């Protein structure tokens, strides 16, 4: 699967579980670490975990496995690393506090929904 298909699969998985304020950033020109950064919120720890599980399952169905998973147990901030796509799923307060969107060039922003 190419990076655009992977990005779209992740966004679809987040939309299926009603992710809040899904944001897809093209950051390939800003860093060598990843090409796409996807940020979404869940209304509760349970929803954050469900969103992460949905991404993991949809990607696994397409033979894509995360090379790194952090925070799944707590459900406050889950990071899923697929190499060319990195996914951050957070509670709204956590997202507001860390404000990852502001750390990246907002000219690169593409709303997913």
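Where a ≥ b ≥ c are the square roots of the eigenvalues of the C-alpha gyration tensor, would you call region 21-113 rounded, which needs a/c under 1.5, or, failing that, prolate if a/b is larger than b/c, or oblate?
In terms of gyration-tensor shape, oblate.
How would region 1-42 be classified by its alpha-carbon gyration tensor: rounded, prolate or oblate, with rounded meaning a/c under 1.5 and the a/b versus b/c comparison settling the rest?
Note, shape of region 1-42 comes out oblate.
Taking only C-alpha pairs under 8 Å that are 6+ residues apart, what is the relative contact order of the chain in percent?
Relative contact order comes out at 31 percent.
Run the numbers for residue 45 and residue 15: contour at 0.36 nm per residue of separation, minus the present Cα-Cα distance, in nm.
Stretched out fully, the residue 45 to residue 15 stretch lengthens by 9.1 nm.
Can you give the extra length, in nm with one decimal, that the chain gains between residue 101 and residue 73 once fully stretched, where that is 0.36 nm per residue apart less the Cα-Cα distance? Please list the in-between numbers first.
Numbers: separation 28, 0.36 × 28 = 10.08 nm, distance 2.41 nm.
Answer, rounded to one decimal: 7.7 nm.
On full extension of the chain, what length is gained from residue 30 through residue 84, given 0.36 nm per residue of separation minus the C-alpha to C-alpha distance? Walk me through the numbers on the way to the answer.
Numbers: separation 54, 0.36 × 54 = 19.44 nm, distance 1.30 nm.
In short, 18.1 nm is gained.
FYI, it's all coordinate maths here, none of it is from the lab. Keep in mind it's a predicted model, so treat the numbers as computed, not measured.
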